[in-house]
């Protein structure tokens, strides 16, 4: 009988051992695995990881973290390839990111059946694992240290929350749900004149931050949609915590809920490229599926005289992945017209980091709120 999940096998003194393989990005388990511990040097680890050999750690947990940092430094020593165009720079950057993720993902950590890390000086990670994977099933497993650190970091985000100045509250993101750390798009929604206080749809709500902001601004009834179960649970918890659960109804839907609204808001992924992990679905939108889906269905869901607010960065335009003409043509083809636009410059650290390979595009980036109406 085959198992319902992938497994990892590695050599041991008493014969091969096997455990459940965990990967949020559905990365296949490594074919070559060696047992390693505190005696393994960074140079050896880097060479093995670069060749595609995984290192199952059997030493001190904190030493494993230091080893991962040492491998990271060795990766960063390699100068980036020069690109002729912004699009080439983006593609090379994505390739480098993928290679980096593959190499760093080769340092593996064992977990017992109750999500305990059976290593010296290991932290308590059970709650972080439960939030990401669900209740423990008693079965031992193996996960990359890089992914485990991501789980633990997400758990801290969820506990502490993210301060949203425009909201005057904290939003608590779940693991796998994009954190609203870029606040400029929230500020755009906070300062725009609302066309109505009666009803609004928030399409692709994620953490629910924009639905909460609309509720704070006095919109009486809001329907917030998403397809991802984690996002739906996250948004619902945030609405309850903030006291907006009577105003905001969170529903599972592919874009639009049933009915019409005088205000429909959407902040789709900004870059038309393929995501390499679930969390990247908030940034990368293959073939602009969500953007075009929102535009294509907007007119049919707007009340007469209503507005659709499209929040979109022009980052993809500066990368050569989309043109302004393509966006305007899509708006026109959907039977819509532009009633107005409000722009804001990004404030995130990468926009002022000249060492970033996409610095030129980031420096030119503008995020816009497009006010759209049915023609």
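Assorted remarks:
- Convex hull of Cα atoms in the range 1-53, direction-averaged projection (nm²): 5.0 nm²
- The alpha-carbon atoms of the range 100-191 define a convex hull whose volume equals 111 cubic angstrom per residue.
- Structural size metrics of the range 7-157, computed from C-alpha coordinates, are Rg and Dmax of 16.3, 55 Å.
- Helical mean residue ellipticity (222 nm; -39500 (n - 2.57) per DSSP H run of 4+; nearest 500) of the chain: -10500 deg cm²/dmol
- DSSP beta bridges in the range 161-374 [antiparallel fraction, %, rounded to 5]: 45 percent
- Largest-first principal axis extents, alpha carbons of the chain, Å: 73, 50, 41
- The chain: angle of helix 86-104 to the longest principal axis, Cα-based, in degrees nearest 10: 40 degrees
- Pairwise label distance in nanometres, residue 221 with residue 88, each label 7 Å out on the Cα-Cβ vector: 5.6 nm
Readers should treat all values here as calculations from the given coordinates under stated rules, not as data from a laboratory. Note that this is a predicted model, so its numbers are computed, not measured. Using ideal geometry, Cβ is built from the backbone for each residue, glycine included, and neighbour counts are taken over all protein chains shown.
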